[in-house]
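Structure first, commentary second.
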Amino acid sequence: MGKRICFVESSVPFDGFGPTSRPLDSGPRALAYLAAALAQRGHEVSVINKADFPALCDGVDWLGWTNEPKTNPEIAIAVDDPALLAHVPHAEKRFVWAQGTAASLDVPAAVSSFGAWRPDVVFHTKPQRDRWLNANGLTTHVVEPAPGDAFLDDFPVHPAEPPRLLTVCHPLGGLERLVRLFAERIRPAVPNAELRVYSAMLDRGRWGGDVPEAVRPVHELCQGFANAGVTVHPPQPDPQMADAYRQARGLLHPSLAEEPAAIVLMEAQAACLPVIGFMQSAVAFERVADGVTGKLAASDDAFVDAAVELLNSADTHARYAGNCKTLRRGRSWAIAAAEWEELFA
């Protein structure tokens with residue numbers, strides 16, 4: 001029998017149409033996909049968030065910020081912030097879905113709210129959960145996320161020429177290292193190679209818009225390496241982003257030590273795009289089969305060598321891409337929703 005489930009989230013305005021119609025960060029997209037998957041499994045699902053207008057999408061009632069669910073929810077799921085559970089005070093069972101870093105859950109205000117509501121806390125990955133202090137001794141779970149359907153579509157891989165790599169990392173999240181390695185070491189070895197950087201902030205700066213002061217050095221770096229094959233592009237909705245993945249030879253990833261989920265690595269490999277990252281992230285080890293669906297490098301030299309081989313060798317790309325298709329396409333949001341259901345019992 002279906003449950004009455006209400007999500008509460010407070011980041012940016014979006015609704016269930018967002019992932020296929022506009023670029024969104026991985027957290028909002030994960031919420032849209034999970035809510036729809038639960039609705040498709042027979043639950044009554046609503047979302048309280050900053051959506052511009054109330055909407056019904058894929059069976060999910062997107063309420064906006066001021067409306068309330070039509071019926072009293074049995075299950076309340078707050079995204080990241082336990083204080084959001086106050087919007088659904090009478091739910092029988094409460095969860096916090098931790099999408100960000102564990103450190104963000106350890107600030108005093110969050111610790112106080114966790115103590116008041118005592119929800120179960122659901123993490124994307126075991127490394128993310130293991131980094132949380134859990135001062136209130138709450139019950140925790142791990143439910144892995146999944147790629148969106150657009151990345152699982154069985155469309156052919158069609159690598160572009162000249163060969164290209166791409167990255168979608170945040171400008172302050174290791175991008176400078178990736179750009180320098182490409183422009184100074186990878187490009188000289190593969191003179192026609194391209195690196196496409198997908199970033200809303202850097203794209204805004206490319207057209208003369210304001211760029212945060214902390215981001216300006218990275219913006220200037222990318223512009224300075226334009227003659228070395230580095231180009232900046234606006235992020236795309238999932239269907240267009242999936243097609244961009246199918247045209248590239250590899251995804252360059254900074255593999256930050258504190259990254260909580262690295263959903264982008266799941267999406268890239270689901271679209272048969274190999275990943276080249278570093279060994280400094282425990283989550284990256286969960287996402288990438290080293291030497292099978294990509295390469296996790298122990299040094300800059302190893303990173304450069306892996307990228308050059310992927311660009312120069314169609315056979316290496318085809319092997320990695322084939323392994324991605326075989327090994328990384330078995331998880332969907334329908335499976336994740338079924339695992340969430342087990343927590344509701």
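When the chain is treated as a Gaussian network with alpha carbon springs shorter than 10 Å, the biggest mean-square fluctuation among 265, 181, 251 belongs to 181.
Considering only 62, 207, 333, the Gaussian network model of the chain with Cα springs below 10 Å gives its largest mean-square fluctuation to 207. Spatially, segment 270-345 and segment 202-235 are offset by 27 Å when compared through their Cα centroids.
Kirkwood hydrodynamic radius computed over the chain comes to 21.0 Å, based on all pairs of distinct alpha carbons. Rounded to the nearest 10 degrees, what's the angle between the helix 300-312 long axis and the longest principal axis of the chain, both from Cα atoms, 0 to 90? Compared with the principal axis, the helix lies near 80 degrees. For segment 258-267, backbone phi angles converted through the Karplus equation (6.51, -1.76, 1.60; θ = phi - 60°) give residue-by-residue couplings of 9, 4, x, 9, 6, 4, 4, 5, 5, 5 Hz, Gly and Pro being listed as x.
So if I place +1 on the C-beta of Lys and Arg and -1 on the C-beta of Asp and Glu, and nothing else carries charge, what would the dipole magnitude of the chain be about its Cα centre? I want it in debye, nearest 20.
That gives the chain a dipole magnitude of about 280 debye.
Using only the Cα atoms of segment 150-327, build the gyration tensor, take square roots of its eigenvalues as a ≥ b ≥ c, and label the shape rounded, prolate or oblate: rounded if a/c is under 1.5, else prolate if a/b is larger than b/c, else oblate. The shape class here is rounded.
The C-alpha atoms of the chain define a longest principal axis, and helix 314-327 lies at about 10 degrees to it.
Taking the DSSP bridge list for the chain and keeping only pairs wholly inside it, about 5 percent are antiparallel. When a/c is below 1.5 the answer is rounded, else prolate if a/b is larger than b/c, else oblate, so apply that to segment 208-277 with a ≥ b ≥ c taken from the square roots of the Cα gyration tensor eigenvalues. Since a/c reaches 1.5 and a/b is larger than b/c, the shape of segment 208-277 is classed as prolate. Each of the peptides 73-82, 91-100 was scored by the mean count of other Cβ atoms within 10 Å over its residues; in descending order, highest first, they stand as 73-82, 91-100.
For the chain, the number of Lys pairs separated by eight or more positions or lying on different chains, with C-alpha atoms closer than 28 Å, is 11.
Rule-based calculations on the coordinates, nothing more; no lab input. These figures come from a predicted structure and were not determined experimentally. For neighbour counting, all protein chains shown are included, and Cβ atoms are generated from backbone atoms with ideal geometry for every residue, glycine included.
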